[in-house]
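Trainee: Here it is, the structure in full.
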Amino acid sequence: MVRSLYLALILLLFTSAAGLTQPASPDPSIAAIDSARAATIAALKGAPLGFRRILFVTEAPGGFAIYDPRPNDVFKPGEPLIVYTEPVGITWQQDGDKVSSKLVVDFQVRSPDGQVLGGRLQILAHRHDVGTGRV
């Protein structure tokens, strides 16, 4: 499901950016939607990496906005920390008929006074590839 949502978003962004879309209806709401789409694309292109939502969840998310939030941030020793995020400001790179993004996650555990107690580099390196549907 996440792949389908990403694919739909990427197709929408690339066809709009490339001027490949043709109005299918003289309905004025289509122009309003196209204008909103163009504004969204411009905002996403200029956004720094950030997160619309980030929280601990009880199990691996089933897709975009499909998650069960944890009731608190208290974990037992050895219990996995599962995080749901909605990143924005990701750079997509095109390679032929595919686009991809890569997100690498590092973390540090610090004491209240800022001393680094531990951590790990590249605990997650996720590459997301999506076909654009162009031939």
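Trainee: Sort R52, R37 so the one with the fewest other Cβ atoms within 10 Å of its own Cβ comes first.
Mentor: Going from sparsest to densest Cβ surroundings: R52, R37.
Trainee: Sort F56, F51 by Cβ crowding within 10 Å, fewest neighbours at the top.
Mentor: On the way: F56 16, F51 13.
Ordered from fewest to most neighbouring Cβ atoms within 10 Å, F56, F51 come out as F51, F56.
Trainee: Now for a separate question. Using 7 Å Cα-to-Cβ label points, what is the A47/L103 separation (nm, one decimal)?
Mentor: Going from the A47 label point to the L103 one covers 1.1 nm.
Every number here is computed from the coordinates shown, using simple stated rules; none is lab data. Computed from a predicted model, the values in this text were never measured in an experiment. Here the Cβ is made from the backbone with ideal geometry for all residues, glycine too, and neighbour counts use every protein chain on show.
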